[in-house]
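Any read-out appearing in this document is the output of simple, stated calculations on the displayed coordinates, not a laboratory observation. This structure is a prediction, so every number in the text was calculated from the model and none was measured. Heads up, the Cβs are rebuilt from the backbone with ideal geometry, glycines too, and the neighbour counts pull from every protein chain shown.
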Amino acid sequence: MIKKPVLLFLILLFQFSLFTQEKLFVPNENQRAINNKTRTDNGELGKKYWQNKIKYIIKADFNPKTGFLKGKEAINYINLSPYTLNTLVINLYPNLYKKGSTRDKPVDLGDLHEGIVISRIEIDNLEINPNGKDCFFEGTHLYLALPNSLKTNKETSLTIEWEFNIQKTTQLRTGKYDENTWFIGYWYPQIAVFDDVFGWDEVPYDGLHEFYS
């Protein structure tokens, strides 16, 4: 049996330890999401959590003799966030091999090219000039200005046609492995994640880090 003075001491010690526990550091972005009730401080999703939706229909042709890939995709993007979007951020991962791109892993100089060539962009049946003011290319990203703001619970449709040459020497996730074998990954224009913590994921692909999808 524990005597009363000892029991009282243990209770006081427990209460003191509760008050003196240091809180874990929470980044501002995460704290804002917690305040917005899209996330919680215990790792569970919040009551107001949301996630945008994307659907792709892709047709592509690949020439195994030359490494030339040409594709066309139809994209349906639904904005389920509480924010109005005026721009879409699109990942162009093969632009890792574009001349002048920043890389954290060396690549063969013979694999460098002019980047993904986008020949056609259409948004909600409206033709967009890939070389015009509404398209801004930076590193492995394409920033695409929408002709009409995309509001909450609304959707937009895109058509993109593109082409590029897959590298033949550098074996970094994709490439030619022998005369009969190619590994083809991350090869199509992909809309970046827009989430409740950071907004658009604008981390460029540098050759080393994993992808956020």
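Of LYS151/LYS176; LYS55/LYS176; LYS70/LYS133; LYS48/LYS105; LYS53/LYS168, which ones are farther than 32 Å apart at the Cα?
LYS151/LYS176; LYS48/LYS105; LYS53/LYS168
Would you mind telling me which residue in ASN165, ASN42, ASN79 has the biggest mean-square fluctuation in a Gaussian network model of the chain, where springs connect alpha carbons within a distance under 10 angstrom?
Of the options given, ASN42 has the highest mean-square fluctuation.
Once R0 is set to 41 Å, what does the formula 1/(1 + (r/R0)^6) return for the Cβ-Cβ distance between ILE184 and LYS23, expressed as a FRET efficiency to the nearest 0.05?
Working from the Cβ atoms, E equals 0.30.
The list (i) 7, 26, 26, 18, 9, 5, 5, 3, 1; (ii) 7, 24, 33, 25, 9, 2, 0; (iii) 9, 35, 36, 16, 4, 0 gives values of P(r) over Cα pairs in 10 Å bins from 0, in percent, and only one came from this structure; which label was calculated from it?
Looking at P(r) over Cα pairs in 10 Å bins from 0, in percent for this model, the match is (i).
With a cut-off of at most 14 other beta carbons within 10 Å, and DSSP calling the residue loop, which trypsin sites (Lys or Arg not before Pro) in region 16-102 qualify? Please list them.
LYS23, LYS37, LYS47, LYS48, LYS65, LYS99
So what is the relative contact order of region 53-200, in percent, for Cα pairs below 8 Å that sit 6 or more residues apart?
It comes to 31 percent, rounded to a whole number.
Could you pull out the GluC sites (Glu not before Pro) across region 96-184 that fall in loop regions by DSSP (anything but H, G, I, E, B) with no more than 16 other Cβ atoms inside 10 Å?
GLU114, GLU179
Between THR84 and ALA145, what is the spin-label point distance in nm, taking each point 7 Å from the Cα along the Cα→C-beta axis?
1.6
Specify the angular offset, from 0 to 90 degrees and rounded to the nearest 10, of the alpha carbon long axis of helix 4-20 from the longest principal axis of the alpha carbons in the chain.
The angle comes out at about 30 degrees.
What is the distance in Å between the Cα centroid of region 100-161 and that of region 67-88?
So the separation of the two Cα centres works out to 10 Å.
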